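The values are calculated or read from the model by the stated rules, or taken from the named source; none is laboratory data. Being a predicted model, the structure only gives us computed values, none of them experimental. Counting neighbours? That spans all protein chains shown, and the Cβs are built from the backbone with ideal geometry, glycine included. For the accessible areas, the whole protein counts, side chains as well, though only heavy atoms, and no ligand, DNA or RNA atoms are used. Shrake-Rupley method; radii C 1.70, N 1.55, O 1.52, S 1.80 Å.
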Amino acid sequence: MYRASPLAVLPLLLAAAPTWAQQQDTQAWEQLNVVVPIAPKLRVTLEEIARTSDRQDGIYTTEFGALLGWQLAKGVELGFGYRHVGFHSRNLAPDEDRLRQQIVVTSGRFAGRLRLDERFNPDGSEIGFRVRPLLRYNLPLGPKRLALFVSHESFFCRTVRPGASAPGMSGCATSSGWLSRSARR
């Protein structure tokens with residue numbers, strides 16, 4: 001049986017402090033992933049994300065995509081995927097198409113991910129490149145199929161596109177929630 005220490009998530013909470021201090025808008029982000037095994041070390045993850053905002057008057061971003069994951073070794077997975085990002089309400093940015101490559105490393109309750117996004121904007125020929133490191137801690141709750149999580153992700157732009165951030169760190173996101181897995185594995 002695992003025993004959780006509240007101190008284990010302290011580094012993530014400290015990293016989130018600058019984000020809390022800069023909050024200017026109440027938002028809710030919803031995400032639903034469905035993982036479909038294809039072969040013993042190969043799986044497809046289908047993703048849906050919706051973001052709502054007080055300042056944007058409701059849903060302002062939707063994302064739909066798929067990610068092909070290949071397990072290289074225990075706790076190490078490579079992934080490649082596509083995501084379509086649609087902007088709505090007061091978010092006047094043009095929709096985007098994104099290609100993504102990533103490596104995910106898990107060890108016990110911790111997971112780390114390094115993702116590279118190529119962002120294609122239909123209003124121009126520029127391609128935006130973004131690096132997205134993420135650290136997550138999972139805390140199992142009772143049955144092995146339910147867990148709480150807390151994560152921190154930073155966003156680093158490698159190129160500049162019209163209307164986009166300058167190169168360097170362009171933001172970060174700290175989130176928490178719960179994970180639920182189906183009984184069938």
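When you look at GLY128, is it under 26 Å from TYR60 (Cβ atoms), under 18 Å from the mean Cα position of the chain (by Cα) and open to solvent by less than 60 Å² (accessible area, probe 1.4 Å), yes or no? Against the criterion (under 26 Å from TYR60 (Cβ atoms), under 18 Å from the mean Cα position of the chain (by Cα) and open to solvent by less than 60 Å² (accessible area, probe 1.4 Å)), GLY128 qualifies. The residues of region 100-112 that are open to solvent by 60 Å² or more (accessible area, probe 1.4 Å) and not β-branched (Val, Ile, Thr), listed by number, are SER107, GLY108, PHE110.
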